[in-house]
Amino acid sequence: MPGPQLYRGYLRAYDPAVPTAAAGLALEVELEVWRARLPQDDRDLWDWLLQTDDETVMGLLAVAVASSVTAVERAQVAGREPTHGDRLAQALGLDVANWWEATPETYFDRVSKKLISAAVAERVSPEAAENTAGLKKGAMSKIAAERLQGRRWLPEILRTPIASAVEPIVVPMDADEAGAIELPDEAFAEAAE
């Protein structure tokens, strides 16, 4: 089973708090549970998988995906197409605000004063942002973290995009009476995604 270095290694470059963050700690607990459940000899793993029920295999797959999928590197362009990470987050109903909070170390010390002001203006008020505009970056960063603490603010890149509504295709109850059913081409395009 992958060790903590697999997910902590690449994420640590983005957030040094990964080893002690709630999500990192929760994943480490899951990894330890799976390390205890899996065969110790890698040669026995395939037989173990074939003999294991589907629910257990799906649980293992979920932990493997959680410890290896990254959505860190994605375009930060307004109106961009959702990435695979976005779609996974939507499917899971992921709200990063349950697992992460902006602090000087995890965000504010790493971005411009303009972005710090924008965060405070968005979640607190434009006046609160203006009050800190003349401060040095270190002080501004600390005050922004204090003002945003507990307010569930996330930078745009960590927000789960809202899935676009897809209109359901209505199929008559008795298809024989309705004759041939023609489905719109876009239904197939959406299904292929």
Self-check item: For q = 0.22 Å⁻¹, Debye-computed log10 I/I(0) when each Cα of the stretch 101-153 counts as one equal scatterer
Solution: -0.66
Quiz item: K137 versus A62, label points 7 Å from Cα toward the beta carbon: distance in nm?
Solution: 4.1 nm
Practice problem: Grab the Cα-Cα distance for V33 and E156, subtract it from 0.36 nm times how many residues apart they are, and report the gain in nm with one decimal. | Solution: 40.9 nm
Quiz item: With each label point set 7 Å from Cα along the Cα-Cβ vector, what nm distance links L115 and Q51?
Solution: 5.1 nm
Quiz item: Points 7 angstrom from Cα along the Cβ direction at L88 and A22: gap in nanometres?
Solution: 2.1 nm
Self-check item: Packing-based order for 117-124, 30-37, 94-101, using average beta carbon neighbours within 10 Å, highest first
Solution: 117-124, 94-101, 30-37
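Every number here is computed from the coordinates shown, using simple stated rules; none is lab data. Keep in mind the model is a prediction, meaning the values are calculated, not measured. Cβ atoms come from the backbone with ideal geometry, glycine included; neighbour counts cover every protein chain shown.
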